[in-house]
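Quick notes on the structure that follows.
The values are calculated or read from the model by the stated rules, or taken from the named source; none is laboratory data. What you see is a predicted model; the values in this text were computed from it and never measured. Using ideal geometry, Cβ is built from the backbone for each residue, glycine included, and neighbour counts are taken over all protein chains shown.
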Number of protein chains: 2
Amino acid sequence: MVRVAIGPENTAVSGESSLGVVANVPPSDLLLPEQEAAQGPDALSRLVALVGDDLRACNQTIIDRMNSQVALIPQLAAHLVAAGGKRLRPLLTLSSARMCGYEGDRHIVLAACVEFIHTATLLHDDVVDESLLRRGLASANAVFGNKASVLVGDFLFARAFHLLVTDGSLPVLGILSQASATMAEGEVLQLATQNDLSTDEARYLEVVSGKTASLFAAACEVGAVVAGRSATEAAALSSFGGNLGMAFQMVDDALDYAADQAVLGKTVGDDFREGKITLPVLVAYAAGSEADRVFWRRTIEDSEQSEADLDHALALIERTGAIRATIDKAAVFADTAKAALAIFPPSDWRSVLEDVADFTVSRVR
Amino acid sequence: MVRVAIGPENTAVSGESSLGVVANVPPSDLLLPEQEAAQGPDALSRLVALVGDDLRACNQTIIDRMNSQVALIPQLAAHLVAAGGKRLRPLLTLSSARMCGYEGDRHIVLAACVEFIHTATLLHDDVVDESLLRRGLASANAVFGNKASVLVGDFLFARAFHLLVTDGSLPVLGILSQASATMAEGEVLQLATQNDLSTDEARYLEVVSGKTASLFAAACEVGAVVAGRSATEAAALSSFGGNLGMAFQMVDDALDYAADQAVLGKTVGDDFREGKITLPVLVAYAAGSEADRVFWRRTIEDSEQSEADLDHALALIERTGAIRATIDKAAVFADTAKAALAIFPPSDWRSVLEDVADFTVSRVR
């Protein structure tokens, strides 16, 4: 299923992360704002600064092109699109194009399309299943409802493809339509593995590759394509993006059991409550005692959870070193991402993209 | 919002339907299978016969291209795609291309893409809102769940665009991506009018134009484009399809308050239970007594319905002639559809498409 070129054949590396300094710090020790200030701006902030006006133009395009006479569409889309978010995927498109020496402005609309596709999947991710609803888990789409989330997502998706048609590049349309199909496959595969502790690591990586890495890969690849670079360079950027996406999602899965909500504004325990099978759970389950496994089977497989269960889950994750194991594996993908950039000559662009790969992993330290 | 060229400026015609013979028969008097046999094959059957091998090739393409290594995708898609359905939209693409003298085979894959897009919207239509769920209305997607319906729909939509990219026509991609965006707008507009009896007929027609007519129009237009015909001919086929789609949806809305379930395999009362604002309700509300309006406000606006309410709604619809009024207006669109074909020379293709327009309305008689 997976089209993205993923790095190391054997991802089951032991504790030998090249980012040892990161992995040696307890996972719950998060970067506080004052620390961040003391260390200077992070890689993402430097990427934003380097991209500069391109990002402002992209944001304007996003706001202009998500408009519709049907008022509910901009209203709902604004919640996700206009309100901000880190714009990581469009930043990758913009910077990839610039690193490839592109000097036009088509990359602006391509970056906006990438963000539309991402936002559509976010909206569709908000759709809750009947079973979750019965357990009182309607949250993200509580204001507008399932149906509105689906339809506005559809609108953004269709609008993205219409914009791409206007841009007029069949290769770009091919890359992004293929990535969209692969993302949907990854999401369906995730659904199929939900509540299933017999899922193995390879299957988990397949899910991550489909649902997250494929769009990261496409976002970078179109930067090379719009710049008219060779297939080799396009493939290198696809590999950079795909491996970065793998690292990004794995760290995200770790944060769901580790983040300090006050610092990162992220909710801990969403994946646990939904019975999502992620690497931290697989590691903790594999390394756990028989009593631990009974706990995981009850809470994840049978979806029987009480108030105190999340704390116990976090304790088991901590005890088995599952966060560190997840981050170590993410770091291998981040390293592979950086290595893929080696065919490009040194530049500020290449340097900041390499730093972004490191930063993706060092978010948890 | 609406791009489809819709026929008569003033659709508020009185009882003067050109299909008087149809409209004079009580709406509940449906065509029984034995009657159908006595009258010879209906227009749709004749269209299927004329299209012949093209439809078989299209069905094979649909089955081949909805495949995925993620087993749930073909499983769920098969429920809607492979199992059949009348394939009305792909039939329109196939026959439009042939009427335009097309002799290649690209129209096969275009027709399959049109059906994929339609199926994606069907799957997304299955998504139920929390409010409906609370009233016990989870039905269509009960087997697989909201989330699977959304994701498999996304897959089919993305796959359709990927197939279109492989076909390689930017004009065709433009027509179908624009239609997809317009469909989503129409569906969102429908959501916004739900439970709102102050919706007027113009707004209702706008919903129908977006959610249904736009894809009918696109399905026909791409037939002219693939055949390399002029913009005038493409616009004529777009108008035919758009007006046919209007008639089709309006009749569908009438059937929701009129169909004999045993004959048509259609459930009566779905729209009523969901508080959907359709023309039969608007007519019955406008023509009703104050007591009637109290009834409609309670059941449609406040969503307070008891077991007996559907029967009472059907009685009010019958008493106010709302079915006939709806069908009469649908007939005007069907006539406009037929008129749009006048620029094409007479042929078996043109003739059967004209008959399909009539048949669309005569389903209720």
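Going by the structure shown, is A:LEU164 over 30 Å from A:ALA286 (Cβ atoms), of a type outside the set (D, E, K, R), over 22 Å from the mean Cα position of the chain (by Cα) and facing chain B (nearest Cβ under 7 Å)?
On the way: over 30 Å from A:ALA286 (Cβ atoms): yes; of a type outside the set (D, E, K, R): yes; over 22 Å from the mean Cα position of the chain (by Cα): yes; facing chain B (nearest Cβ under 7 Å): no.
When the stated conditions are applied, A:LEU164 does not pass them.
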Problem set entry | Residue satisfying all of: in region B:145-164; under 21 Å from B:VAL127 (Cβ atoms) and touching a residue at least 60 places away in the same chain (Cβ under 8 Å); surrounded by the most Cβ atoms within 10 Å (Cβ to Cβ) among these | B:VAL152
Seminar exercise, completed: Among A:PHE157, A:PHE144, the single one that is modelled with pLDDT of 95 or more, in contact with a helix residue (DSSP H, G or I) (Cβ under 7 Å, 6 or more places away or on another chain) and within 13 Å of another protein chain (Cβ to nearest Cβ) is A:PHE157
Exercise. Which condition number in (1) more than 19 Å from the chain's Cα centre (by Cα); (2) assigned to a helix (DSSP H, G or I); (3) modelled with pLDDT of 95 or more is the one that B:SER131 fails?
Worked result: (3)
For this session: Report whether or not B:ARG98 is more than 13 Å from chain A (Cβ to nearest Cβ) and at pLDDT below 95.
Result: no
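Just wondering, is there one or more residues in region A:281-296 that are under 19 Å from the mean Cα position of the chain (by Cα) and buried (at least 16 other Cβ atoms within 10 Å of the Cβ)? Please lay out each step first, then the result.
Keep residues of region A:281-296 that are under 19 Å from the mean Cα position of the chain (by Cα), which gives A:281.
Narrowing the set further to residues that are buried (at least 16 other Cβ atoms within 10 Å of the Cβ) leaves A:281.
Taking every residue of region A:281-296 in turn, at least one turns out to be under 19 Å from the mean Cα position of the chain (by Cα) and buried (at least 16 other Cβ atoms within 10 Å of the Cβ).
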Exercise. Residues of region B:165-221 being out of contact with any Gly (no Cβ under 9 Å at 6 or more places or on another chain), without any contact (Cβ under 8 Å) to a residue 40 or more places away in the chain and farther than 21 Å from A:LEU72 by Cα, which ones?
Worked result: B:GLY168, B:LEU173, B:GLY174
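Farther than 22 Å from B:LEU189 by Cβ and not acidic (Asp, Glu): which single residue out of B:THR278, B:THR320 fits that description? Before the answer, list the steps.
Numbers: B:THR278 fails: farther than 22 Å from B:LEU189 by Cβ.
Among B:THR278, B:THR320, only B:THR320 is farther than 22 Å from B:LEU189 by Cβ and not acidic (Asp, Glu).
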Seminar exercise, completed: (1) more than 9 Å from every other protein chain (Cβ to nearest Cβ); (2) surrounded by fewer than 24 Cβ atoms within 10 Å (Cβ to Cβ); (3) not in a loop (DSSP other than H, G, I, E, B) all hold for B:ASN243 apart from (2)
For this session: With the checklist (1) buried (at least 22 other Cβ atoms within 10 Å of the Cβ); (2) facing another protein chain (nearest Cβ under 7 Å); (3) modelled with pLDDT of 95 or more in hand, flag the one item A:HIS124 doesn't pass.
Result: (3)
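Return the residue satisfying two criteria in turn: it lies in region A:211-240 and is of a type in the set (D, E, K, R) and part of a helix (DSSP H, G or I), and of such residues it is nearest to A:ILE175 (Cα to Cα).
Ranking the candidates gives A:GLU221 first.
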Seminar exercise, completed: Of the conditions (1) over 21 Å from A:GLY145 (Cα atoms); (2) out of contact with any Lys or Arg (no Cβ under 7 Å at 6 or more places or on another chain); (3) within 8 Å of another protein chain (Cβ to nearest Cβ), the single one that B:GLN178 does not satisfy is (2)
Exercise. Among the residues of region A:254-294, which ones are assigned to a loop (DSSP other than H, G, I, E, B), at pLDDT below 90 and of a type in the set (Asp, Glu)?
Worked result: A:ASP260
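Which of the residues belonging to region B:296-330 are assigned to a helix (DSSP H, G or I), among the aliphatic types (A, V, I, L, M) and free of Cβ contacts under 8 Å to residues at least 40 places away in the same chain? Full working, then the answer.
Looking only at region B:296-330, we keep the residues that are assigned to a helix (DSSP H, G or I), and these are B:296-301, B:309-319, B:322-330.
With among the aliphatic types (A, V, I, L, M) added as a condition, the list becomes B:300, B:310, B:313-317, B:322-323, B:325, B:327, B:330.
B:ALA315, B:LEU316 - these are the residues of region B:296-330 that are assigned to a helix (DSSP H, G or I), among the aliphatic types (A, V, I, L, M) and free of Cβ contacts under 8 Å to residues at least 40 places away in the same chain.
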Exercise. Filter region A:187-198 for residues that are more than 8 Å from chain B (Cβ to nearest Cβ) and assigned to a helix (DSSP H, G or I); which is surrounded by the fewest Cβ atoms within 10 Å (Cβ to Cβ)?
Worked result: A:THR193
Exercise. Taking region B:43-92 on its own, how many of its residues are in contact with a helix residue (DSSP H, G or I) (Cβ under 6 Å, 6 or more places away or on another chain) and farther than 24 Å from B:ALA218 by Cβ?
Worked result: 6
